[in-house]
Amino acid sequence: MLDKRFIRENPDVVKQAVRVKGLDLDVDELLQLDQDNRKLQFEVDQAQSRRKSFSKEFAKADEARRAELRAEHADFDTRLKELREQLAATSARLGELMLLTPTVPWEGAPVGPDESANTVVRAWGAPPSFDFAPLDHVDLAEKRGWAEFARARRVAGERAYVLCGDLVLLERALHSYALELLRERDFQLMAVPALVKEAPLVGTGMLPKGRAEIYEIPADDAYLAGTAEVSLVGLHSGEILDAAKLPVRYAGISPCFRREIGSASRDVRGLLRVHQFEKVEQFVVCADDQAESDRWHAELLDTAETILQALGLAYEVVECSTGDMGVGKYRMNDINTWFPSLGLYRETHSCSSMRDWQARRANVRYRTADGEVRFAYTLNNTAVATPRLLAALLENCQLADARVRVPEVLRPYLGGRDTL
RNA sequence: GGUGGAGUCGCCUAGUGGCCGAGGGCGCACGCCUCGAAAGCGUGUGAGGGGGCAACCCCUCCGUGGGUUCAAAUCCCACCUCCACCGCCA
């Protein structure tokens, strides 16, 4: 969501953002509605003001005068009611459009319709070379008795999986390592709800646009969140934070649920694209200062890269194009990790700067030292999302005999074992 | 699942239809006093929207949404959250 004043003053900038992001939003309609809405608001305010003085007079009036006033009121109230209805209609429509307004992307983002326009900004590590025929993560896991797919699907349908034995421990190890790293970097560890109400989903920007992607539980007016970000933003919804409390840094861990409705029959094999997964998410609320936000963006990226480097996984950092980054994002960098079985890099992390787009929706503000109330900036990035990263780890660290070498940083969480 | 109680300006609290245009206390800020501070005294103390060149003015907000009424923090309905107890349960 954007500042209405900004839209009024920079309609062309907003239109340009709508265009490069490939969105469907009529900015002129929005501006017209905004103008209509303000006019109506003004009229309603004035009518309301008169009505108040009527009521005061009524309290002091005698019966004869009261009858007169009642008669005058009848007309007046009809008109006020009409005005109110018009105002409700325009402001509801305006609100809908406001929820679709995009963050203006940073000038460095490649302009393009989708991920095909993304560019690689740097790469780290070399894909491993094997002197044996490496297995893909599915074959490897099944060979070791570490996963069940057919049976899992009997229980939970397509894209379901069961992790078994050491793979359960390895998954935990990845999360434990990520949480510990983030704790050392002054992030507050948070285990948050995945079962959430509608409001935080709207607040984060997952709704209304992403409705098809979210599991809904209508009986309880609830949803299953696709990321811990939903709860983390929601925690501060409606608050005015003390500037001294900023930046707020969270490492949120939660199960995540995605319907993958647009991915029918894509990546149906294995652990790459599943409906339920486990993720440690990095999340920051900071002051509305672009330079500071940029620093946090870099730090969130650095933490993710530190994790991948510590795991010894080759990756590339991608600058996401305007068409790929989504409505609310100012800047987005994906990190793609090497998957030997695919022979390519696949997304394992996604780092986003939202400016105040999310904070405006969720109404997260802060008070500056001189008492001014402002919307905060928010950022987020994956730390570790499993089982996708688990699959990468298996494939990259496999040995000729189908054992898996454990990266050193995970060994403390696996009883010191160097292979599984 | 059931029963009862409660949600007011950062915190506590007053408020049972018009004197609430929300009072008081705490906290906070500024001033007086003081060598300095504390205490004391005084003044101020929310958010959002709109109008005006401006000083300033108007409207909305007492958990949320409806309703009754000329008029709602106050009455009615629904929902949300919290507290207590009962039942069930990891």
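Within the range A:320-333, take every residue that is part of a strand (DSSP E or B) and open to solvent by 10 Å² or more (accessible area, probe 1.4 Å) and give me the one that is farthest from A:Thr119 (Cα to Cα). Before the answer, list the steps.
At the first step, the residues of the range A:320-333 found to be part of a strand (DSSP E or B) are A:331-333.
Then drop every residue that is not open to solvent by 10 Å² or more (accessible area, probe 1.4 Å), which leaves A:331-332.
On the way: A:Arg331: 13, A:Met332: 11 Å.
Going through the qualifying residues, I end up with A:Arg331.
The rows are residues; the columns are (1) of a type in the set (Ser, Thr, Tyr); (2) outside the structural domain of A:Ser353 (by TED's automatic domain parsing); (3) open to solvent by less than 20 Å² (accessible area, probe 1.4 Å).
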{"site": "A:Ser176", "(1), (2), (3)": "yes, no, no"}
{"site": "A:Leu182", "(1), (2), (3)": "no, no, yes"}
{"site": "A:Val202", "(1), (2), (3)": "no, no, no"}
{"site": "A:Asp220", "(1), (2), (3)": "no, no, no"}
{"site": "A:Glu281", "(1), (2), (3)": "no, no, yes"}
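What number of residues in the range A:55-86 are within 30 Å of A:Leu97 (Cα to Cα), surrounded by fewer than 14 Cβ atoms within 10 Å (Cβ to Cβ) and of a type in the set (S, T, N, Q)?
Residues flagged as within 30 Å of A:Leu97 (Cα to Cα), surrounded by fewer than 14 Cβ atoms within 10 Å (Cβ to Cβ) and of a type in the set (S, T, N, Q) within the range A:55-86 amount to 1.
Quick one: would you say A:Asn363 is in the same structural domain as A:Pro128 (by TED's automatic domain parsing), under 16 Å from the mean Cα position of the chain (by Cα) and within 16 Å of RNA strand B (Cβ to nearest atom)? So that I can check it myself, show each step before the final result.
On the way: in the same structural domain as A:Pro128 (by TED's automatic domain parsing): yes; under 16 Å from the mean Cα position of the chain (by Cα): yes; within 16 Å of RNA strand B (Cβ to nearest atom): yes.
It is true that A:Asn363 is in the same structural domain as A:Pro128 (by TED's automatic domain parsing), under 16 Å from the mean Cα position of the chain (by Cα) and within 16 Å of RNA strand B (Cβ to nearest atom).
Which one is nearest to A:Thr303 (Cα to Cα), of the residues in the range A:233-275 that are loosely packed, with under 14 Cβ neighbours inside 10 Å and free of Cβ contacts under 8 Å to residues at least 60 places away in the same chain?
Applying the filter and picking the extreme gives A:Ala244.
Answer yes if at least one residue in the range A:335-347 is surrounded by 22 or more Cβ atoms within 10 Å (Cβ to Cβ), in contact with a Cys (Cβ under 9 Å, 6 or more places away or on another chain), more than 16 Å from A:Ala304 (Cβ to Cβ) and assigned by TED's automatic domain parsing to the domain that holds A:Thr306, and no otherwise.
No, the range A:335-347 has no match at all.
In the range A:184-199, how many residues are open to solvent by less than 50 Å² (accessible area, probe 1.4 Å) and within 19 Å of A:Arg249 (Cβ to Cβ)?
Looking only at the range A:184-199, we keep the residues that are open to solvent by less than 50 Å² (accessible area, probe 1.4 Å), and these are A:187, A:190, A:192, A:194, A:196.
From what's left, within 19 Å of A:Arg249 (Cβ to Cβ): A:187, A:190, A:192.
Number of matching residues: 3.
Would you check which residues across the range A:94-121 are open to solvent by 20 Å² or more (accessible area, probe 1.4 Å) and more than 16 Å from A:Arg331 (Cα to Cα) and list them?
If the condition is that a residue be open to solvent by 20 Å² or more (accessible area, probe 1.4 Å) and more than 16 Å from A:Arg331 (Cα to Cα), then A:Gly95, A:Glu96, A:Leu99, A:Leu100, A:Ser116 are the ones that fit.
Checking A:Glu305 against (1) more than 18 Å from the chain's Cα centre (by Cα); (2) open to solvent by 30 Å² or more (accessible area, probe 1.4 Å); (3) more than 30 Å from A:Val14 (Cα to Cα), which test does it fail?
(2)
A quick yes/no check of all residues on (1) under 20 Å from the mean Cα position of the chain (by Cα); (2) within 16 Å of RNA strand B (Cβ to nearest atom):
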residue	(1), (2)
A:Gln309	no, no
A:Thr322	yes, no
A:Tyr330	yes, no
A:Phe339	no, no
A:Tyr345	no, no
A:Trp357	yes, yes
A:Asp370	no, yes
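Considering only residues of the range A:122-166 that are under 28 Å from the mean Cα position of the chain (by Cα) and among the hydrophobic types (A, V, I, L, M, F, W, C), which is most open to solvent (accessible area, probe 1.4 Å)?
Ranking the candidates gives A:Trp124 first.
Out of all the residues in the range A:388-420, which are within 16 Å of A:Leu308 (Cβ to Cβ), assigned to a helix (DSSP H, G or I) and open to solvent by less than 20 Å² (accessible area, probe 1.4 Å)?
A:Leu389, A:Leu390, A:Ala391, A:Ala392, A:Leu393, A:Leu394, A:Glu395, A:Asn396, A:Cys397, A:Leu410
Does at least one position in the range A:39-54 carry a residue that is open to solvent by less than 80 Å² (accessible area, probe 1.4 Å), over 45 Å from the mean Cα position of the chain (by Cα) and on the phi < 0 side of the Ramachandran plot? Reasoning before the result, please.
Initial filter on the range A:39-54 (open to solvent by less than 80 Å² (accessible area, probe 1.4 Å)): A:40-41, A:43-44, A:47-49, A:53-54.
Imposing the further condition that a residue be over 45 Å from the mean Cα position of the chain (by Cα) reduces the set to A:53-54.
Okay, now just the ones that are also on the phi < 0 side of the Ramachandran plot, so A:53-54.
Looking for residues that are open to solvent by less than 80 Å² (accessible area, probe 1.4 Å), over 45 Å from the mean Cα position of the chain (by Cα) and on the phi < 0 side of the Ramachandran plot, one finds at least one in the range A:39-54, hence yes.
The values are calculated or read from the model by the stated rules, or taken from the named source; none is laboratory data. Note that the structure is a prediction, hence the values are computed from the model and not measured. For neighbour counting, all protein chains shown are included, and Cβ atoms are generated from backbone atoms with ideal geometry for every residue, glycine included. These area figures cover heavy atoms from the full protein model, side chains too; ligands, DNA and RNA do not enter into them. Shrake-Rupley method; radii C 1.70, N 1.55, O 1.52, S 1.80 Å.
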